[in-house]
Amino acid sequence: MTVAQRLKHSYQKHWYAYAMIAPVAVVLGVLVLYPLVYGLYLTLTDANSLNTARTIGVNHIDATYKFIGLDNYQDILFGPTAYDRFWSHFIWTIAWTALCVALHYCIGLGLALLLNQKLRGRTFYRLMLIIPWAVPTFVTVFGWRIMLSDGGVINTFLDALHLPSPAWLEDAFWQRFAAIMVNTWCGVPFMMVSLLGGLQSIDASLYEAAEMDGATPWQQFRHVTLPGLRSVSSTVVLLGIIWTFNQFAVIFLLFGPTSAPDAQILVTWAYYLGFGQQPRDFAQSASYGMLLLAILIVFTSFYRRWLNRNDQQLAI
């Protein structure tokens, strides 16, 4: 049977399923596939706001940008300003992602363990701890921005205790510290809820058997809780890394596109190149987007392969 015959047979057999997924496929093609392909095309040009097609009043100006191949990637990765424009932001993005995800997981796991106990008012505590995740991100970040300002609640409180009041929104070190703190506040509830669900799925008889064998609470945590959370942890950590690596809202809303150059991660820096400067460099911005996509694809592939290898070793 030829390929065409197999496709025809599959369509005749599963036409209803194809009809059901067709609207979703069209929407994904319009919202995801087309921008992705067009962005990839832009990376191979020198397109910017001065040479792209545009209409001013009744006058239409045709595009004059040209095809330049991989020159954008060459300039970003190995050009004379590669460190200032890419590698410094790449190093900070890696550090930002690692610190935020580690804090999300550790704090989320600690809160999940606490809420998994039989506590009075446990439902109320769960509700209060989920609020930072339920509130829209822009509301949360703007609230933190007000509190971190020079005359905000945090510095006023530190002044009352006769402690130094950092320039949270001006000094490079404290800008990064504030970004990690705000992102941790926003990200912990999701990790807590996910891990709490994983804890509740662990068979209680495993803890009873470990207790009968004389296992200490630490040994129960190490040999029962952590292995029981393995599948949940691997998924939420991967999602956390992807979301944090591309976390645009927190840094952009906290500092804006230009006020904190040292705190900009790759995704916000790409936005600045494409929309925060004049002339707007669409080609370089799109190239950053493709590099971000490539980094995440490579990381995800190695991460899943590492998890599968560990699963096979545990099975043996």
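The values are calculated or read from the model by the stated rules, or taken from the named source; none is laboratory data. None of these values were measured; they are calculated from a predicted model. No Cβ is skipped: glycine too gets one built from the backbone with ideal geometry, and neighbour counts run over all protein chains shown. When the accessible area is computed, the model is the full protein with side chains, heavy atoms only, and any ligands, DNA or RNA have been set aside. Shrake-Rupley method; radii C 1.70, N 1.55, O 1.52, S 1.80 Å.
For the range 232-316, what's the radius of gyration and Dmax over Cα atoms, in angstrom?
When restricted to Cα atoms, the range 232-316 yields Rg and Dmax of 16.8, 59 Å.
With a point put 7 Å past each Cα toward its Cβ, work out how far N308 is from F248 in nm, to one decimal.
3.2
Enumerate the amide H contacts of T45 below 5 Å, restricted to partners 5 or more residues apart or on another chain; note that Pro and chain-start residues carry no placed amide H.
Excluding prolines and chain starts, which carry no amide H, the hits are I68.
Top mean-square fluctuation among L169, L148, L114, Gaussian network model of the chain, C-alpha springs under 10 Å?
Looking only at L169, L148, L114, the biggest GNM fluctuation is shown by L114.
Taking the solvent-accessible surface of protein heavy atoms with a 1.4 Å probe, what is the per residue accessible area of the range 116-168 in Å²?
Numbers: 3880 Å² over 53 residues.
For the range 116-168, the solvent-accessible area averages 73 Å² per residue.
Taking only Cα atoms of the chain, what ratio of Rg to Rh do you get with Rh as the Kirkwood inverse-distance radius? Provide the component values of the computation, followed by the final result.
On the way: Rg = 25.0 Å, Rh = 23.7 Å.
With Rg and the Kirkwood Rh in hand, the quotient comes to 1.05.
Taking the Cα atoms of the range 13-64, report the difference between the largest and smallest coordinate on each principal axis, in whole Å and largest first.
52, 28, 13
Which length gain, in nm to one decimal place, applies between I68 and T55 when the Cα-Cα distance is subtracted from 0.36 nm times their residue separation? Numbers along the way, then the final one.
Working: separation 13, 0.36 × 13 = 4.68 nm, distance 2.47 nm.
The I68-T55 span can extend by a further 2.2 nm.
With a 1.4 Å probe and every protein chain left in place, tell me how much accessible area D84 has, in Å² to the nearest 10.
Near enough 110 Å² of accessible area.
List the aspartates and glutamates whose alpha-carbon lies under 14 Å from that of K66, not counting same-chain residues fewer than 8 positions away?
D46, D281
Please give the Cα centre distance for the range 47-88 versus the range 192-223, rounded to the nearest Å.
Here the two parts' Cα centres lie 55 Å apart.
Can you list, largest first and rounded to whole Å, the semi-axes you get for the range 1-146 by taking the square root of 5 times each eigenvalue of its Cα gyration tensor? Don't skip to the end; give the middle numbers.
Working: eigenvalues 358, 227, 80 Å².
That gives 42, 34, 20 Å for the three semi-axes.
Can you give the convex hull volume per residue for the Cα atoms of the range 154-295, as a whole number of Å³?
On the way: hull volume 21.7 nm³, N = 142.
Convex hull volume per residue, Cα atoms: 153 Å³.
With the chain treated as a Gaussian network of Cα nodes joined by springs under 10 Å, which of R120, R176, R145 yields the largest mean-square fluctuation?
Checking each option, the largest mean-square fluctuation is seen for R120.
Determine the distance separating the Cα centre of the range 107-157 from the Cα centre of the range 254-312; give it in Å without decimals.
28
Can you give the helix-only mean residue ellipticity at 222 nm for the chain, where every DSSP H stretch with n ≥ 4 adds -39500 (n - 2.57) and the sum goes over all residues, rounded to the nearest 500 deg cm²/dmol? Present the calculation step by step, with values, prior to reporting the outcome.
Values: 14 runs with 214 residues, N = 316.
Computed mean residue ellipticity for the chain: -22500 deg cm²/dmol.
To the nearest 0.05, how large is the calculated FRET efficiency for I202 and F299 if R₀ is 30 Å and r is the Cβ-Cβ distance? Write out the running numbers ahead of the final one.
Working: r = 29 Å, r/R0 = 0.96.
E(calc), rounded to 0.05, equals 0.55.
Can you give me the relative contact order of the chain as a percent, contacts being Cα pairs under 8 Å and 6 or more apart?
Details: 295 pairs, mean separation 76.8, N = 316.
With pairs under 8 Å counted, the relative contact order is 24 percent.
If each of F124 and W174 carries a label point 7 Å out from its Cα toward its Cβ, how far apart are those two points in nm?
3.6
So, with a 1.4 angstrom probe, what is the percent of accessible area on the chain that is carbon and sulfur?
Answer for the chain is 68 percent, counting heavy atoms of protein chains only.
Helix by helix through the chain, keep the DSSP H runs that span 15 Å or more along the axis on Cα and average at least -1.0 on Kyte-Doolittle, and give those back in order. Before the final figure, lay out each step's value.
Values: long enough: 3-28 (28 Å, 0.27); 88-115 (40 Å, 1.67); 122-134 (18 Å, 0.74); 137-148 (16 Å, 1.42); 172-200 (42 Å, 1.01); 230-245 (22 Å, 1.40); 282-315 (49 Å, 0.35).
What comes out of the filter, once short or polar helices are dropped, is 3-28, 88-115, 122-134, 137-148, 172-200, 230-245, 282-315.
Set the Förster distance to 22 Å, then compute FRET efficiency between L113 and V139 from the Cβ-Cβ distance, nearest 0.05.
Numbers: r = 29 Å, r/R0 = 1.32.
The computed FRET efficiency comes out at 0.15.
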